[in-house]
Amino acid sequence: MIITSLQNPKIKNLVKLRTRKQRDKQQLYIIEGYRALLRAMDHGHSPDELYICPELFIGSNETALIERIEESGTDILELSPEAFKKVAYRERPEGLMAVAKQFHPELDDFTDAQKQLIITGEAIEKPGNLGTM
């Protein structure tokens, strides 16, 4: 079944999730695009729901990624191009968008064995300040 109605509750909720307030309230975040979804999967973050619009796919690798995501138990819903464009962040959507649970790692989750440099920033107002760090 393809979701075509812009009044569908799933579509309405995706539009709500554009705001940080709603993302924090629902403890969810949106992953949009092939690369972002691939990176999320590679790092063990399987989405709860995957929204696809095959008419908007721009490459040939989407099918393999969709199958991989489906194997993780994710619900897959197909949207019409109009519905997908309504919920997409990008001007040129790629036809892949997912909703996943927010995760909040603690400092203890990073071990010394990983030997990573970790920088934290709070309430950074200007992007240049982060670049300086």
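The values are calculated or read from the model by the stated rules, or taken from the named source; none is laboratory data. Quick caveat, the model's predicted, so the values are computed rather than measured. All Cβ positions, even for glycine, are placed from backbone atoms using ideal geometry, and neighbour counts span all protein chains on display.
Filter the stretch 11-37 down to residues that are part of a helix (DSSP H, G or I) and in contact with a strand residue (DSSP E or B) (Cβ under 6 Å, 6 or more places away or on another chain) and give me whichever is surrounded by the most Cβ atoms within 10 Å (Cβ to Cβ).
Residues of the stretch 11-37 part of a helix (DSSP H, G or I): 11-16, 20-26, 34-37.
Retained after the next criterion (residues that are in contact with a strand residue (DSSP E or B) (Cβ under 6 Å, 6 or more places away or on another chain)): 23, 34, 37.
Numbers: ARG23: 16, TYR34: 16, LEU37: 24.
Among them, the one singled out is LEU37.
If a residue must be surrounded by fewer than 10 Cβ atoms within 10 Å (Cβ to Cβ), modelled with pLDDT of 75 or more and among the β-branched types (Val, Ile, Thr), how many such residues does the stretch 108-129 contain?
Matching residues across the stretch 108-129 total 2.
Closer than 29 Å to SER5 by Cβ and either surrounded by 10 or more Cβ atoms within 10 Å (Cβ to Cβ) or out of contact with any strand residue (DSSP E or B) (no Cβ under 9 Å at 6 or more places or on another chain) (or both): which single residue out of THR132, THR63 fits that description? Break it down stepwise before answering.
On the way: THR132 fails: closer than 29 Å to SER5 by Cβ.
From the options THR132, THR63, the qualifying one is THR63.
May I ask you to list the residues in the stretch 38-81 that are part of a helix (DSSP H, G or I) and of a type in the set (A, V, I, L, M)?
Selection gives LEU38, ALA40, MET41, LEU56, ALA64, LEU65, ILE66, ILE69.
Every residue, every condition in (1) surrounded by 13 or more Cβ atoms within 10 Å (Cβ to Cβ); (2) within 12 Å of the chain's Cα centre (by Cα); (3) among the basic types (Lys, Arg), yes or no:
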position	(1), (2), (3)
PRO9	no, no, no
ARG39	no, yes, yes
HIS45	yes, yes, no
GLY59	no, no, no
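Mind listing whichever residues of the stretch 95-107 are surrounded by fewer than 21 Cβ atoms within 10 Å (Cβ to Cβ) and either under 10 Å from the mean Cα position of the chain (by Cα) or part of a loop (DSSP other than H, G, I, E, B) (or both)?
Of all residues in the stretch 95-107, those surrounded by fewer than 21 Cβ atoms within 10 Å (Cβ to Cβ) come to 100-107.
Once the filter is applied, which keeps residues that are surrounded by fewer than 21 Cβ atoms within 10 Å (Cβ to Cβ) and either under 10 Å from the mean Cα position of the chain (by Cα) or part of a loop (DSSP other than H, G, I, E, B) (or both), the stretch 95-107 yields ALA100, LYS101, GLN102, PHE103, HIS104, PRO105, GLU106.
Out of curiosity, is ILE76 modelled with pLDDT of 95 or more, at negative phi and surrounded by 10 or more Cβ atoms within 10 Å (Cβ to Cβ)?
On the way: modelled with pLDDT of 95 or more: yes; at negative phi: yes; surrounded by 10 or more Cβ atoms within 10 Å (Cβ to Cβ): yes.
Judged against the criteria, ILE76 is a match.
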